[in-house]
């Protein structure tokens, strides 16, 4: 079976390619290398350097024939999306439509899409399930919902199947060290903490210590990237086994606070994290945790990484390497 991974040289994409190759899929990576890296390309996979805004190149690439497409090529920085919505509208929405139209042109009917928990906005209840109302508080989250809507309509009107995987907080690296390139310009908590203990930043700011949580800091659901990759493989297999479309949350049913992350990093690395408390940021919910009952039911997926120290060890191994 042949799979095209759009964005397959990036942080999550390279782990997805690794997982697909391990399951004996024939893989082609399509990436413009804006955030993806050549060192993350596997010799066993074909590579096409191209942009999702280049419809003609997408169309030519897909003419080779694929059983499924995995789309991980959307831009994902929340702050940047609020400052430059034009870029996010063009790349995420228009670029995704290019991918789907090229698929239809070439008779490819299965796509797995990298969606986001940012679609939900401020939680109305915890844990979040797939039926939770969608009310994004960032333009980034809005673009992901719009892409999901396009896929839903294509499914209704065309021979087109999709699985939208709504990630929660992706963390970690391949435990075997096979992914060689660190995530570029990472803005999430754990990479920033690593920057601090490695001397690339002076200090970590912890935004808010007066939330209604056990230690007063925000609680998030951290999912190891290899578990995310396994879910993509499961989604591809599910679609190839028969017509299937769904929106699925990928969480762990477990939350970890900012201070708990700091303490775990200190345990794993033996280094102190220099941090200070700062005022809350607007739009930061106290707790975001997802149930993965539906993912277990339809994909038979359950995260293998459940210990935060084990997850952080894979990040520290990358730093030491």
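Which one is modelled with the lowest pLDDT among residues in the range 153-169 that are in a strand (DSSP E or B) and in contact with a helix residue (DSSP H, G or I) (Cβ under 7 Å, 6 or more places away or on another chain)? Before the answer, list the steps.
So in the range 153-169, the residues in a strand (DSSP E or B) come out as 161-167, 169.
From what is left, the residues that are in contact with a helix residue (DSSP H, G or I) (Cβ under 7 Å, 6 or more places away or on another chain) are 161-167.
Details: 161: 98, 162: 98, 163: 98, 164: 98, 165: 98, 166: 97, 167: 94.
Only one residue fits best here, namely 167.
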> For residues in the range 90-109 being out of contact with any helix residue (DSSP H, G or I) (no Cβ under 7 Å at 6 or more places or on another chain) and farther than 17 Å from residue 163 by Cα, which is surrounded by the most Cβ atoms within 10 Å (Cβ to Cβ)?
Replying inline: 95
>> Go through the range 12-31 and report how many residues are touching a strand residue (DSSP E or B) at 6+ places or on another chain (Cβ under 9 Å), touching a residue at least 40 places away in the same chain (Cβ under 8 Å) and surrounded by fewer than 24 Cβ atoms within 10 Å (Cβ to Cβ).
In response: 2
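Can you go through 203, 131 and tell me which one is exposed (fewer than 15 other Cβ atoms within 10 Å of the Cβ), touching a helix residue (DSSP H, G or I) at 6+ places or on another chain (Cβ under 8 Å) and more than 28 Å from residue 44 (Cα to Cα)?
Details: 131 fails: touching a helix residue (DSSP H, G or I) at 6+ places or on another chain (Cβ under 8 Å).
One residue alone meets the criteria, 203.
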> Within the group 48, 29, 16, which residue is in contact with a helix residue (DSSP H, G or I) (Cβ under 7 Å, 6 or more places away or on another chain) and closer than 17 Å to residue 225 by Cα?
Replying inline: 16
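This table checks each residue for (1) modelled with pLDDT under 95; (2) touching a strand residue (DSSP E or B) at 6+ places or on another chain (Cβ under 6 Å).
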site	(1), (2)
171	no, yes
184	yes, no
188	yes, no
206	no, yes
211	no, no
>> Looking at the structure I just gave you, is residue 181 within 30 Å of residue 23 (Cα to Cα), part of a loop (DSSP other than H, G, I, E, B) and out of contact with any helix residue (DSSP H, G or I) (no Cβ under 6 Å at 6 or more places or on another chain)?
In response: no
> Inside the range 32-57, can you point out the residues that are closer than 14 Å to residue 8 by Cβ and exposed (fewer than 15 other Cβ atoms within 10 Å of the Cβ)?
Replying inline: 34, 38, 39, 43, 44, 49
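With respect to residue 60, determine if the residue is surrounded by fewer than 18 Cβ atoms within 10 Å (Cβ to Cβ) and without any contact (Cβ under 8 Å) to a residue 12 or more places away in the chain. Don't jump to the end; show me each part of the working.
Working: surrounded by fewer than 18 Cβ atoms within 10 Å (Cβ to Cβ): yes; without any contact (Cβ under 8 Å) to a residue 12 or more places away in the chain: yes.
Yes, satisfied.
The values are calculated or read from the model by the stated rules, or taken from the named source; none is laboratory data. The shown structure was predicted, so the numbers you read here are calculated from the model rather than taken from an experiment. Neighbour counts run over all protein chains shown; Cβ positions are idealised from the backbone, glycine included.
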